[in-house]
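To start, the structure under review is shown below, and the notes come after it.
The values are calculated or read from the model by the stated rules, or taken from the named source; none is laboratory data. Keep in mind the model is a prediction, meaning the values are calculated, not measured. Positions of Cβ are backbone-derived with ideal geometry, glycine not excepted, and every protein chain shown enters the neighbour counts.
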């Protein structure tokens, strides 16, 4: 390969590396919260308010809301029910630079007496501060 071609290939590779690391640097560390709106009742929909901080804009399908339930009434053993909901928005400006949205969780298959945890996940990893445990009445 000629020296000018080697230089061109090296410049392209360096440019691609710069673009890849710039995208990673912007991703940042997200934190979040989940808040139940009302009581969790078997067979009824449950609205969950979701807030993300450290990420804006929120990219569709980048974050999920995961609802895991144990029908035996204890957070032990295998999960009895898991549902995930892509967090698509719409997103609204929340306090302290957070993005806020709402998602409805389906509790139709969840019996009274079950315990559940709702959390925001990104790439199968829970977002820091976003897990909320609750009981179903």
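Note on segment 24-52: residues that are modelled with pLDDT of 90 or more, on the phi < 0 side of the Ramachandran plot, loosely packed, with under 12 Cβ neighbours inside 10 Å and in a loop (DSSP other than H, G, I, E, B) amount to 1. Taken across segment 80-93, residues that are touching a residue at least 40 places away in the same chain (Cβ under 8 Å) and surrounded by 11 or more Cβ atoms within 10 Å (Cβ to Cβ) do not occur at all.
In a residue-by-residue description of segment 53-63, the property of being in contact (Cβ under 8 Å) with a residue 24 or more places away in the chain, buried (at least 18 other Cβ atoms within 10 Å of the Cβ), within 17 Å of residue 131 (Cβ to Cβ) and touching a helix residue (DSSP H, G or I) at 6+ places or on another chain (Cβ under 7 Å) applies to at least one position. Testing residue 137 on (1) over 14 Å from residue 32 (Cβ atoms); (2) modelled with pLDDT of 95 or more; (3) touching a strand residue (DSSP E or B) at 6+ places or on another chain (Cβ under 9 Å), one condition comes back false. Which one is that? Of everything listed in (1) over 14 Å from residue 32 (Cβ atoms); (2) modelled with pLDDT of 95 or more; (3) touching a strand residue (DSSP E or B) at 6+ places or on another chain (Cβ under 9 Å), residue 137 misses just condition (3).
Residues that are within 12 Å of residue 49 (Cα to Cα) and surrounded by fewer than 18 Cβ atoms within 10 Å (Cβ to Cβ) were ranked within segment 98-130; the one that is farthest from the chain's Cα centre (by Cα) is 104. Residues in segment 109-131 that are without any contact (Cβ under 8 Å) to a residue 12 or more places away in the chain and in a loop (DSSP other than H, G, I, E, B) were compared, and the one that is nearest to residue 63 (Cα to Cα) is 123.
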